[in-house]
Amino acid sequence: MSQSKKVRRLVLLSMFIGIEIVLMITPLGFVPIGPINATTLHIPVIIISILLGTKEGVILGIVFGLSSIFTATFRPTAFSFCFSPFYSIGEVHGNFSSILIAMVPRICIGLGSGYLYKLLRKKLSESPAILISAAAGSLINTILVMSGIWLFFGREYAATAGFAYETFMNVIKATIFTNGIIEAILAAIILAAVIKALKAKGAHI
């Protein structure tokens, strides 16, 4: 790889790290849709994983995860113990599992989107490959986060939210089919336009 291409990749990655931080500290990171908030923080991760590859996608996924820990610590909600080891509510305390929930799904966005796009491009044209990879990356985040909460903080989360722990799987399904689907559609639509525009400018491998 030429030196100029390495520099261009580094500049692009740095720019998207900046975008991720801006989304974290502003309301742009969450889009209100009816009674729910759809996050946009996963979108830069998916863009980079498709444009540059899984390694850069993982790096931006780490930034996303750290952003989640930061937000849960300094702008806490009732459920911030799930994402920050430094936050507690009543007898419920965040711990190392909180770091896993904040970090692992976000890293997997970069891995999943990047590998899936590379695989699909061998069989599909660019547009459907981007749409499917973007939607998959978004759903990876939703499914892994909710599964992590169920695994590590299921009873505490249910008690805080006010529903029976035995119905947690129904809550996961409902979240996937509300927030998850909306975020996946939003990501696919935005990324299809953004990635094509960036590739037209030469912002890819």
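The values are calculated or read from the model by the stated rules, or taken from the named source; none is laboratory data. Note that this is a predicted model, so its numbers are computed, not measured. Cβ placement follows ideal geometry from the backbone for every residue including glycine, while neighbour counts extend to all protein chains displayed. Please note that ligands, DNA and RNA were not included when accessible areas were found on the heavy atoms of the full protein model with its side chains. Shrake-Rupley method; radii C 1.70, N 1.55, O 1.52, S 1.80 Å.
Given the criteria touching a Phe, Trp or Tyr at 6+ places or on another chain (Cβ under 8 Å) and in a helix (DSSP H, G or I), does Glu183 qualify? Don't jump to the end; show me each part of the working.
Details: touching a Phe, Trp or Tyr at 6+ places or on another chain (Cβ under 8 Å): no; in a helix (DSSP H, G or I): yes.
Taking the combined requirement at face value, the residue does not satisfy it.
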In region 54-86, residue nearest to the chain's Cα centre (by Cα) [restricted to those that are open to solvent by less than 20 Å² (accessible area, probe 1.4 Å) and among the aliphatic types (A, V, I, L, M)]: Leu60
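Quick one: count up the residues across region 156-201 that are of a type in the set (Gly, Ala, Ser), under 30 Å from Lys5 (Cβ atoms) and open to solvent by 40 Å² or more (accessible area, probe 1.4 Å).
3
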Criterion violated by Glu166 - all others in (1) farther than 30 Å from Pro85 by Cβ; (2) without any contact (Cβ under 8 Å) to a residue 60 or more places away in the chain; (3) of a type outside the set (Val, Ile, Thr) satisfied: (1)
Residues of region 109-155 satisfying the condition of being open to solvent by less than 40 Å² (accessible area, probe 1.4 Å), within 19 Å of Leu60 (Cβ to Cβ) and not aliphatic (A, V, I, L, M): Gly110, Gly112, Ser113, Gly114, Tyr117, Ser133, Gly137, Ser138, Asn141, Thr142
Test for Ile89: is it of a type in the set (Val, Ile, Thr), surrounded by 15 or more Cβ atoms within 10 Å (Cβ to Cβ) and either within 26 Å of Pro44 (Cβ to Cβ) or without any contact (Cβ under 8 Å) to a residue 24 or more places away in the chain (or both): no
In region 64-86, residue nearest to Ile149 (Cα to Cα) [restricted to those that are touching a residue at least 40 places away in the same chain (Cβ under 8 Å) and either among the aliphatic types (A, V, I, L, M) or outside any helix (DSSP H, G or I) (or both)]: Phe79
